[in-house]
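Peer 1: For reference, the structure I am asking about is given below.
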Amino acid sequence: MQLKLGTTLMLEPTYTDRVEKFRCKIVEQDNTILYIDYPVNTVTNKTAFLVDGSQFRASYTAEDKVSYAFNTEVLGRKLGNIPTIMLSCPPAEEFVKIQRREFVRVNTPVDIAIEYNNKFYQYVTDDISAGGVAIHLNKDLPFMEDESVNLTIALPFINGEIRYVKTSAKLIRIIEKDRVRLASLQFMETDDLDKQYIVRFCFERQLSNRRKMEAN
């Protein structure tokens, strides 16, 4: 995938317990390698040191105002008039268009535990985003619309790790979809780190779903 020189990239660490973003620009490209200037932490405005082998989710906005994201890895450094960091650049089919709405929603089954009145109820999601979930109603809900509940969501990642996200939510509505009853829940209080896990999970699943469609 050929990217325009001077394009600004936003880098978010893939495997970390910290919420960080780094801003950099593409200085050069050689087929599958991107050369970027030294990235700057968007909060501290300090130059960041990226360790070889560390992995990131990179995003950028193209000239047509459409935003894209892709997975990348630090490959090393190149000395020259402008010292640069080398990042891997995947093929075009590995780039995912970022939807303009705030939260990207993906259809995928995920185990979720709902706590209400000190009791736990197990469900499976129909879809998930950083803003909420829709769950399959294999049994009636013990709570009503606008009531607050606590959720524990198990997010299985491609590398084998499982992250447990805890957040509060409220029931928005119950809907019928293809003769299946679903409950739509909106997240109420999700900390930044857990939200980052959900965004990363949705990105991985979106990319995985695309690969499956292309394989068929």
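Peer 1: Once amide H atoms are placed 1.01 Å from N in the peptide plane, what residues at a sequence separation of 5 or more from V104, or on another chain, have their amide H within under 5 Å of its amide H?
Peer 2: Placed amide hydrogens put A130 under 5 Å from V104.
Peer 1: When the helix-only estimate is applied to the chain (DSSP H runs of n ≥ 4, each -39,500 (n - 2.57), divided by the residue count), what is the mean residue ellipticity at 222 nm, nearest 500 deg cm²/dmol?
Peer 2: After summing the helix terms and dividing by residue count, I get -4000 deg cm²/dmol.
Peer 1: May I ask you to order 167-179, 41-53 by the average number of other C-beta atoms within 10 Å around their residues, highest value first?
Peer 2: Descending mean neighbour count gives 167-179, 41-53.
Peer 1: Want the number for M188 to R211: 0.36 nm per residue separation, take away the alpha-carbon distance, what's left?
Peer 2: 5.0 nm
Peer 1: With the dipole of the range 38-81 worked out from charges on the C-beta (+1 for Lys and Arg, -1 for Asp and Glu) around the Cα centre, which of F56, V40, V66 lies farthest toward the positive end?
Peer 2: With unit charges placed on the Cβ atoms, the residue in question is V40.
Peer 1: Next up: Mind checking which lysines have their C-alpha under 21 Å from K195, skipping anything on the same chain fewer than 8 residues away?
Peer 2: K195 reaches K21, K97, K166, K170.
Peer 1: In nm, give the distance between the simple-model label positions of T61 and E28, each being 7 Å from the Cα along the Cα-to-Cβ direction.
Peer 2: 2.9 nm
Peer 1: Next up: Going by average Cβ density within 10 Å per residue, which order do the peptides 123-129, 190-196 take, highest to lowest?
Peer 2: Packing order, densest peptide first, comes out as 123-129, 190-196.
Peer 1: Amide H of L75 versus every other amide H placed in the peptide plane: which residues, excluding those fewer than 5 positions away on the same chain, fall under 5 Å?
Peer 2: G53, M86, L87, S88
Peer 1: May I ask for the angle, rounded to the nearest 10°, between helix 192-215 and the longest principal axis of the chain, with both axes built from Cα atoms and the value confined to 0 to 90°?
Peer 2: Rounded to the nearest ten degrees, it is 80.
Peer 1: So for the chain, what are the equivalent ellipsoid semi-axes in whole Å, largest first, each being the square root of 5 times an eigenvalue of the Cα gyration tensor?
Peer 2: Ellipsoid semi-axes (Å, largest first): 38, 18, 14.
Every number here is computed from the coordinates shown, using simple stated rules; none is lab data. In this text, all values refer to a predicted model and were calculated from it rather than measured experimentally. Cβ sites come from the backbone with ideal geometry, for glycine too, and all protein chains shown count toward neighbours.
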